[in-house]
Structures are given as structure tokens and as C-alpha cells.
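The block underneath contains the structure these notes are about, expressed in C-alpha cells.
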Amino acid sequence: MSIEEDGGFIGFVPGRLEIKERPELSVFPYNVLFASHKITNRKRALYLPDIESFKQDPDKLSMRYHNDCGGKSWLLIEYNPLKRSYLGQKFVNNKSVMEASGNEWSMFFVHFTMLGLTDGEETGEFEYKL
């Protein structure tokens with residue numbers, strides 16, 4: 001994570017989703033956090049997994065994540081076990097606003113979250129503790 005008083009970027013690397021009875025879900029994050037670029041803004045959007053949306057095909061596992069602040073914002077995260085790669089898409093008001101891909105967990109999530117919040121995305125307050 002990088003935080004600068006005058007802006008910069010904030011990228012978040014989530015922990016893995018660990019459910020003892022569902023080991024196939026461990027390729028997905030526990031949650032996904034997007035935040036404003038400026039520390040003084042203190043806005044964030046937290047996305048939580050929708051376990052019921054999990055789908056498994058031979059070349060793709062996918063799951064949706066919903067914004068905990070409500071609204072029509074959601075994420076689609078896909079994992080390709082053959083290529084060991086991720087694809088993430090962010091939708092705001094049901095329109096695709098960005099996507100990122102990558103093979104390595106940490107860098108994928110840094111790239112996915114570092115663009116921050118999108119106009120129209122429901123947000124809540126975020127506490128920064130430096």
C-alpha cells in the first residue's frame with residue numbers, strides 16, 4: 001500500500017478467502033477494497049464475496065462481489081487455473097468501468113484496486129491509521 005498526503009495511489013492486496021468446507025474458493029479474495037487517492041477524502045468502497053454466484057468451468061472459476069454500501073456496483077473476478085491468471089472487472093451502475101489482469105496475486109490486486117473509486121460508486125468512510 002502506498003499513501004501520500006498530497007495524492008499518490010492506494011493499492012490493496014486482500015487476504016485469501018479461507019472456508020474449510022470450500023477449498024476451491026481459496027483462489028478468491030476475502031474482500032476487495034477501493035479507496036480515494038487522497039488521504040484527506042477518506043472515502044472507500046468495500047466489496048464482499050457472493051458465494052452463491054461462484055461458477056466453475058474447466059478453464060475458469062468466477063465469482064461476483066457486491067459493494068457493502070449498496071447501490072449497483074459490483075465486481076467480477078475470474079481465475080483461469082490452466083494459465084494461473086486473474087481477470088477482474090468493476091461495474092458501476094451496471095456498466096463496466098475498468099478491468100485488470102495478472103498472473104501473480106499481489107500485483108494483480110494492486111493493479112486492480114489502485115485506480116481507486118469511480119464516479120457513481122457508493123462509498124463509505126475509511127479510517128487511515130498511519
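I'm told residue 107 meets every condition in (1) within 29 Å of residue 58 (Cβ to Cβ); (2) modelled with pLDDT of 95 or more; (3) not aromatic (Phe, Trp, Tyr) except one. Can you identify the failing condition by its number?
(2)
Assuming residue 122 fulfils every condition listed in (1) in contact with a Cys (Cβ under 9 Å, 6 or more places away or on another chain); (2) more than 16 Å from residue 34 (Cβ to Cβ); (3) not aliphatic (A, V, I, L, M) apart from one, which condition is it?
Result: residue 122 passes all but (2).
Return yes when residue 125 is among the acidic types (Asp, Glu) and touching a Ser or Thr at 6+ places or on another chain (Cβ under 8 Å) and no when it is not.
Numbers: among the acidic types (Asp, Glu): yes; touching a Ser or Thr at 6+ places or on another chain (Cβ under 8 Å): no.
Judged against the criteria, residue 125 is not a match.
Could you pull out the residue among 112, 108, 54 that is without any contact (Cβ under 8 Å) to a residue 40 or more places away in the chain, in contact with a strand residue (DSSP E or B) (Cβ under 7 Å, 6 or more places away or on another chain) and in a helix (DSSP H, G or I)?
108
Name the single residue, out of those in region 67-97 being crowded, with 17+ Cβ neighbours inside 10 Å and of a type in the set (A, V, I, L, M, F, W, C), that is farthest from the chain's Cα centre (by Cα).
92
With the checklist (1) surrounded by fewer than 13 Cβ atoms within 10 Å (Cβ to Cβ); (2) modelled with pLDDT under 95; (3) not hydrophobic (A, V, I, L, M, F, W, C) in hand, flag the one item residue 42 doesn't pass.
The single condition residue 42 does not satisfy is (1).
Looking at (1) within 20 Å of residue 26 (Cα to Cα); (2) surrounded by fewer than 14 Cβ atoms within 10 Å (Cβ to Cβ); (3) modelled with pLDDT of 95 or more, find the lone condition where residue 58 falls short.
Only one criterion in (1) within 20 Å of residue 26 (Cα to Cα); (2) surrounded by fewer than 14 Cβ atoms within 10 Å (Cβ to Cβ); (3) modelled with pLDDT of 95 or more is unmet by residue 58, namely (3).
When the residues of region 61-76 are narrowed to those that are in contact (Cβ under 8 Å) with a residue 24 or more places away in the chain and among the polar types (S, T, N, Q), which ends up farthest from residue 100 (Cα to Cα)? So that I can check it myself, show each step before the final result.
The first filter runs over region 61-76 and keeps only residues in contact (Cβ under 8 Å) with a residue 24 or more places away in the chain, leaving 61, 63, 65, 67-71, 73-75.
Checking which are among the polar types (S, T, N, Q) leaves us with 67, 73.
Values: 67: 18, 73: 16 Å.
Of everything passing the filter in region 61-76, 67 is farthest from residue 100 (Cα to Cα).
The values are calculated or read from the model by the stated rules, or taken from the named source; none is laboratory data. Worth saying up front: this structure is predicted, and the values here are computed from it rather than measured. Virtual Cβ from ideal backbone geometry, glycine too; neighbours counted across all protein chains shown.
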